[in-house]
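Before any comments, here is the structure.
The values are calculated or read from the model by the stated rules, or taken from the named source; none is laboratory data. Remember, it's a predicted structure, so these values are computed and weren't measured experimentally. Cβ placement follows ideal geometry from the backbone for every residue including glycine, while neighbour counts extend to all protein chains displayed.
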Amino acid sequence: MGRAARLPAEPCTGRVESLSHDGRGVAHLNGKAVFIHGALPGEEVRFRYTRIQRRFDEGVVEEVLEPAAERVEPRCPHFGVCGGCSLQHLDSAAQLRAKQQVLIDALERIGGVRPGEILPPLLGPVWGYRRKARIGVKYVAKKGKVLVGFRERGSSFVADLSCCPILHPQVGERIADLGRLVDALSIRDQVPQIEVSMGDAACVLLFRVLAAPSAEDCQRLLNFGQAQGFHIYLQPAGPDSITPLPGQEIELSYRLPRFDLDLAFGPTDFTQVNTELNRLMVDRAVGLLDPQSDERVLDLFCGLGNFTLPLAKRSAWVTGVEGEGGLIDRARRNAARNGLNNLDFQVADLYKPLEGEPWIGERFDKALLDPPRSGAWEILPWLPGLGVRRLVYVSCYPSTLARDSGRLVGELGYRLVAAGVMDMFPHTGHVETLALFESKEKKARNGIRNRA
């Protein structure tokens, strides 16, 4: 193994050309790309090298010599140290433009496709939006206190935070209080994480504990929860060990008002972190798919029914498929909760062969896919044979959406009608996207209708 390259002793100056997919400014020095944290396109910056590699280098801004017009003052006092955000120094509208370009570039470069239409970006609240999070906890003897927060940028250390403006204010404004709470416990060095899970009307704080709390500890936690409006849960081992403290059990839920639906979920169930943006996303996805009262719809990677139930309100029948049995159980309960009976749910690993699955021999007019970061490559070849002529693909990772788009268009007989971004995670480099495909053989009845 070769010796690591020596970092330049003095800062260097460079002109930033573009923004990388993770929110760093990209410059070129001596023909080599440098990814610079804290730099924006169009700026001239003085930066310090932090890493030298064969294909590219990395650095961090020391001074902005010529600021971009879109540069703004970060709202969070911990920006630059905390790794939870990377784009607070960029105007929100410019963040969306940059994310949209990331999507377009990925579709063209990876998938070899371009959408017929770029959808207007979906934008929800940009502060206090995050209702789900896993927050690190660490007792630091040298500092004489417990730290609560996200990890430091580029480090495994917990950042020393006093507040967090991207978390819902009920939690974000009580970061320091949470640190003092854990610091007062007898097991303060045995609490590595707090998981936040909020519905429309309640918030659960799930404390991961590596040692059993004392009776006094439990009372402190209960008192804090009652005073601040939290429901307190403990997790001493795996997921099956999660237990509410006495009197703290609560059913979380969120509404989808346009469809008159109320969906329940557990503290560790997957739900979107940004509830307001999720509502906009569901509205747009259903509007683009445009299910009719005589049509059958397939919802793949359906989770607890976030799209399945709204689709059932508009179509003749919906089948939801998901690999995690617990989420399917939750989806079935949500269907019953909302009085829906024109749908069914199936457990299936969509990354494995599907021959023999009861739903794979049925016919569907339309489909919705909402896969994890790994995409939906394995299920795509089944879609034409299932009869799917219109497809909405929701993605949390532009690269796999682009890869899958190339297969849908190049091999499977679909065309990419439209695509756009959704700002599910403002002030971060995370890009949530949505794309509409139609069969090349037969266009859907009236083009793009009922767009949200």
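Checking each residue in region 165-197 for being part of a helix (DSSP H, G or I) and over 18 Å from Ala133 (Cα atoms) picks out Arg180, Leu181, Asp183, Arg188, Asp189, Gln190. The residues of region 63-100 that are free of Cβ contacts under 8 Å to residues at least 60 places away in the same chain and in a helix (DSSP H, G or I), listed by number, are Ala93, Ala94, Arg97. Do we have Val64 as outside the structural domain of His427 (by TED's automatic domain parsing) and either surrounded by fewer than 18 Cβ atoms within 10 Å (Cβ to Cβ) or within 20 Å of Val148 (Cβ to Cβ) (or both) here? Answer is no for this residue.
For region 360-367, indicate whether the set of residues that are over 20 Å from Ala285 (Cβ atoms), of a type in the set (Lys, Arg) and exposed (fewer than 15 other Cβ atoms within 10 Å of the Cβ) is non-empty. So far as region 360-367 goes, yes, one or more of its residues are over 20 Å from Ala285 (Cβ atoms), of a type in the set (Lys, Arg) and exposed (fewer than 15 other Cβ atoms within 10 Å of the Cβ).
Candidates in region 223-255 are the residues that are more than 25 Å from Arg337 (Cα to Cα), among the polar types (S, T, N, Q) and touching a residue at least 24 places away in the same chain (Cβ under 8 Å); of these, the one that is surrounded by the fewest Cβ atoms within 10 Å (Cβ to Cβ) is Gln228.
Look at Leu280 and say whether it is of a type outside the set (S, T, N, Q), buried (at least 21 other Cβ atoms within 10 Å of the Cβ) and assigned by TED's automatic domain parsing to the domain that holds Tyr393. Here the answer is no, as Leu280 does not meet what is asked. Of all residues in region 335-351, none satisfies being in contact with a strand residue (DSSP E or B) (Cβ under 9 Å, 6 or more places away or on another chain), closer than 30 Å to Phe207 by Cβ and crowded, with 23+ Cβ neighbours inside 10 Å. Taken over region 351-382, the criterion of being under 25 Å from Arg314 (Cβ atoms), touching a residue at least 40 places away in the same chain (Cβ under 8 Å) and either among the basic types (Lys, Arg) or in a loop (DSSP other than H, G, I, E, B) (or both) is satisfied by Glu362, Arg363, Phe364, Asp365, Lys366, Asp370, Pro371, Ala376, Ile379. The listed residues are Gly339, Gly320, Gly385, and the only one of them that is in the same structural domain as Asn274 (by TED's automatic domain parsing), in a helix (DSSP H, G or I) and at pLDDT 95 or above turns out to be Gly385. What about Leu304, is it buried (at least 22 other Cβ atoms within 10 Å of the Cβ) and either within 26 Å of Ser241 (Cα to Cα) or touching a helix residue (DSSP H, G or I) at 6+ places or on another chain (Cβ under 6 Å) (or both)? Yes: the conditions hold for Leu304.
Specify which of the listed residues (Thr428, Thr433) is assigned to a loop (DSSP other than H, G, I, E, B) and under 25 Å from Ala93 (Cα atoms).
Thr428
Among the residues of region 86-105, not a single one is at positive phi, small (Gly, Ala, Ser) and outside the structural domain of His427 (by TED's automatic domain parsing).
Selection of region 101-146 for residues being aromatic (Phe, Trp, Tyr) and either without any contact (Cβ under 8 Å) to a residue 12 or more places away in the chain or crowded, with 18+ Cβ neighbours inside 10 Å (or both) yields Tyr129, Tyr139. Scanning region 372-397 for residues that are under 21 Å from Asn278 (Cα atoms) and in contact with a strand residue (DSSP E or B) (Cβ under 6 Å, 6 or more places away or on another chain) returns Ala376, Leu391, Val392, Tyr393, Val394, Ser395, Cys396. The listed residues are Arg220, Arg188, and the only one of them that is surrounded by fewer than 19 Cβ atoms within 10 Å (Cβ to Cβ), in contact with a helix residue (DSSP H, G or I) (Cβ under 6 Å, 6 or more places away or on another chain) and under 21 Å from Gly149 (Cα atoms) turns out to be Arg188. Taking the criterion of being more than 23 Å from Gln95 (Cβ to Cβ), surrounded by 16 or more Cβ atoms within 10 Å (Cβ to Cβ) and within 30 Å of the chain's Cα centre (by Cα), the only residue of region 48-61 that qualifies is Asp57. Checked against (1) modelled with pLDDT of 95 or more; (2) within 24 Å of the chain's Cα centre (by Cα); (3) not assigned by TED's automatic domain parsing to the domain that holds Ala335, Ser241 passes all but a single condition, namely (2).
Within region 8-21, the presence of at least one residue that is charged (D, E, K, R) and touching a residue at least 24 places away in the same chain (Cβ under 8 Å) is confirmed. Total residues in region 22-47 satisfying the condition of being without any contact (Cβ under 8 Å) to a residue 40 or more places away in the chain, among the charged types (D, E, K, R) and surrounded by fewer than 18 Cβ atoms within 10 Å (Cβ to Cβ): the figure is 3.
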